[in-house]
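J.: The structure's right below; bear with me while I get my questions together.
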Amino acid sequence: MVEDGWLEDVRASYETVAESYADKTRDSLGDKPYLRGVLALFADLVHAAGGGPVVDVGCGPGHITAHLHSLDVDAFGIDLSPAMVDIARHDHPDLRFEVGSMTDLQLGDASVAGLLAFWSLIHIPDDAVATVFGHFRRVLRPGGPLLLGFHVGGESHLKTQGYGGHPMHVYVHRRQPDRVAAWLRDAGFTVEAQMLLDPGETHPGAVLFARGV
Ligand SMILES: C[S@@+](CC[C@H](N)C(=O)[O-])C[C@H]1O[C@@H](n2cnc3c(N)ncnc32)[C@H](O)[C@@H]1O
């Protein structure tokens, strides 16, 4: 288990911005065709691997979890912020959302058929990534697909406000896909595909598909 002040800072920051983050992202997939395509591919991979429960780690207000459900994926969400989980439960009362941290994932070994972490690993410092990926590997069924989304770059940036000017105190760790892929391999994953989103921007997004071996 990783315990540090940064984790409490991340939790407190997302407690503060939960409502405004939800308002901003709730309907955001509608104008993101590439992300919808990525999620459709992930859903296909889950189905092809036999289906089963899929965890959305750092699910925020649950819109991605719900989108996966619309693709017949049995998805549930886990988030560090109780306020985010309350919003997710309110917005999607038929789905399952729990409070928890990816640094200490309270799920059984090989208990999920797929795992997605979209723009949540960005708040995990380098020295805690191996712990997080160890949990991902442990809870994911062998052969189950893993999908990560993160900001690309080479530096960490302290975010002191966001989502309507609310105070935050979180580091956003931007990383090169090759670096994240190397960490995944070290944790026992095979990296199968990567994609850059908005490659012309200063800070593109990246998605990586991997599989537990
Ligand atoms: C930028 S938001 C992304 C939310 C959602 N995945 C999306 O794509 O819109 C980051 C989310 O990760 C959650 N988070 C950050 N650190 C976490 C951790 N250690 N364990 C679980 N969730 C975490 C935050 O509470 C927040 O809801």
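J.: Please compute the volume of the convex hull spanned by the alpha-carbon atoms of the chain and report it per residue in Å³.
T.: 111
J.: Quick one: with all protein chains in place, what share of the accessible area of the chain is carbon or sulfur, to the nearest percent (1.4 Å probe)?
T.: Carbon and sulfur together cover 51 percent of it.
J.: If each of D109 and S20 carries a label point 7 Å out from its Cα toward its Cβ, how far apart are those two points in nm?
T.: The modelled label-to-label distance comes out at 4.5 nm.
J.: Right, something else. What list of ³J(HN,Hα) values in whole Hz, one per residue of region 18-24 in order, does the Karplus curve 6.51 cos²θ - 1.76 cosθ + 1.60 (θ = phi - 60°) give from phi, with Gly and Pro shown as x?
T.: Values per residue, Gly and Pro as x: 3, 5, 5, 5, 5, 4, 6 Hz.
J.: So what is the relative contact order for region 105-183, in percent, with contacts set as C-alpha pairs under 8 Å and at least six apart?
T.: In percent, rounded to a whole number, it is 34.
J.: Further, regarding this structure: May I ask you to compute the full-extension gain from D72 to D186, defined as 0.36 nm times their residue separation minus their alpha-carbon distance, rounded to one decimal in nm?
T.: My answer for the length gained is 37.9 nm.
J.: Can you work out ³J(HN,Hα) from phi for every residue in region 122-138, in order, using Karplus 6.51 cos²θ - 1.76 cosθ + 1.60 and θ = phi - 60°, giving whole Hz and x for Gly and Pro?
T.: 4, 9, 9, x, 3, 6, 10, 5, 4, 4, 5, 5, x, 5, 4, 5, 5
J.: Per residue, how many Å² of accessible area does the chain show with a 1.4 Å probe?
T.: 44
J.: What shape does region 45-163 have by the C-alpha gyration tensor, where a ≥ b ≥ c are the square roots of the eigenvalues, rounded means a/c under 1.5, and otherwise prolate means a/b greater than b/c and oblate the rest?
T.: In terms of gyration-tensor shape, oblate.
J.: Something else: Around P82, with a cut-off of 11 angstrom between Cβ atoms, what is the net charge of the other residues, counting Lys and Arg +1 and Asp and Glu -1?
T.: -2
J.: Further question: In nm, what is the difference between 0.36 nm times the number of residues separating A48 and V99 and their Cα-Cα distance?
T.: 15.5 nm
J.: How high is the relative contact order of the chain, given as a whole-number percent (alpha carbon pairs under 8 Å, six or more residues apart)?
T.: 20
J.: Can you list residues from other chains, or at least 5 along the same chain, whose modelled amide H is less than 5 Å from the amide H of A75?
T.: Under 5 Å from the amide H of A75 lie the amide H atoms of V54, H69, each far enough along the sequence or on another chain.
The values are calculated or read from the model by the stated rules, or taken from the named source; none is laboratory data. Treat the numbers as computed from the prediction; the structure is a model and nothing was measured. Please note: Cβ atoms are built from the backbone with ideal geometry, for glycine as well, and neighbour counts cover all protein chains shown. The accessibility values were calculated without ligands, DNA or RNA, using every heavy atom of the protein model including side chains. Shrake-Rupley method; radii C 1.70, N 1.55, O 1.52, S 1.80 Å.
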